[in-house]
Structures are given as structure tokens and as C-alpha cells.
Amino acid sequence: MLRGFQVVSFKESQKINLPKRQTKQAAGYDFESAEDFVVPSIWKLNFVKIIKGILNSLQLSNQDYEDANSALKPVLVPTGIKAYMPKNEFLMLVNRSSGPLKRRLILPNGVGVVDADYYNNEANEGELFFQLINYGVKDVVIKKGERIGQGIFMPFLTADDEEQPQSDRVGGFGSTKK
């Protein structure tokens, strides 16, 4: 087994579909939401207060800014899927082309990078999540089984004179910190 997908063990009874390509020439494997999920519109959240305040030259507190930043935090939509691959590959998570156009959903980081050592990590068994922000004016309801993004397996290269990292992954989503 060189590369592929599995359902995480704690969701095996939930009828999760493995990602699949929709056409013969498709590069990406479509991922589905593992559960019903609501992605709130950013326009309904506290950050609108900041925009009004800035436009009207109002005095804004640090708490106002913290509230706005908190409101703009992406949601993590679970897939119930983990991916395995060789150590010289990664899985690139990207928008479906229809996401921004039809539903106003975007990945705020542009792309997600899932390293080979994320598979079966001790924090969450390597479950993949899609970070999403809804820049539309209405909340978006995602139903379980709806396609939310796609993943593409990619090789990568390392520098000749690289100092080899010595640490092993110990956490789940966003666990590597500096």
C-alpha cells in the first residue's frame, strides 16, 4: 500500500465515504463532510463592528479587535478520513472549484499541507479537516456526505545541505509550532 485513504477508527460506524476522483483525468480526490455542519457568514459576526468603527473613526478597544479576530477564525469541517503516503509525498488540500463561486466558501490558508507523518498521529489518528471561511452573506449549511474540498497527492524535494529535523510528530491538526 503506497498511498490512499482510510476512515478513522472512531468514525468507522458512521458510513463515511472514502475520497474519490470524479473523472478519469481528475487530479483531485473529492472529500466529503463527515457530519452536518454550519459555516457562519463572516458578515454576521463581530468583525463588522470593527469595520464600522474604523470607517467612522470611532475609538475601538483591544477587546473589540480580539472579538473581531475571534469571529474571523476558520471553522474546521471534519472528514472522518486519514491519508497514508510515502515519506517523500504530501497531500495538498484545496478548494473545489465550485466552492468559492457557488457557495462563497474558501480555504483561508489557500492550501492545506498534510505531511506523511500526520497519518495515525496520537492526537486525532490523522483525521483530515478542511478549514473554511464563508465570505457570503448567509450561513452555509453543509450536509453529511457533501463534497467540501479536494486532495492531491504531491511529491516534494528537500535541499542538499538541509539540517535534518530530529523531532517526530506528536500532535494533530496544527501541531508543529515554532
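Remarks
- Cα centroid separation - segment 14-44 against segment 101-115, whole Å: 11 Å
- A straight chain from Asp117 to Ala27 at 0.36 nm per residue would run longer than the Cα-Cα distance by 30.2 nm.
- Taken over the chain, the convex hull of the Cα atoms encloses 170 Å³ per residue.
- 3J(HN,Hα) along segment 81-93, derived from phi through the Karplus expression 6.51 cos²θ - 1.76 cosθ + 1.60 where θ = phi - 60°, amounts to 10, 10, 10, 10, 6, x, 5, 9, 10, 9, 9, 8, 9 Hz, with x in place of Gly and Pro.
- Once the Cα atoms are used to define both axes, helix 62-71 deviates from the longest principal axis of the chain by about 50 degrees.
- The stretch between Val75 and Lys138 holds 21.2 nm of extra length on full extension. This uses 0.36 nm per residue minus the Cα-Cα distance.
- Within the same chain, lysines fewer than 8 places from Lys143 are excluded, and of the rest, those with a Cα less than 23 Å from its Cα are Lys11, Lys15, Lys20, Lys44, Lys73, Lys82, Lys102.
- Helical runs assigned H by DSSP (4 residues or longer) give the chain a calculated mean residue ellipticity at 222 nm of -3000 deg cm²/dmol, each run adding -39500 (n - 2.57) before division by the residue total.
Any read-out appearing in this document is the output of simple, stated calculations on the displayed coordinates, not a laboratory observation. Quantities reported herein were computed from a predicted structural model and do not represent experimental measurements.
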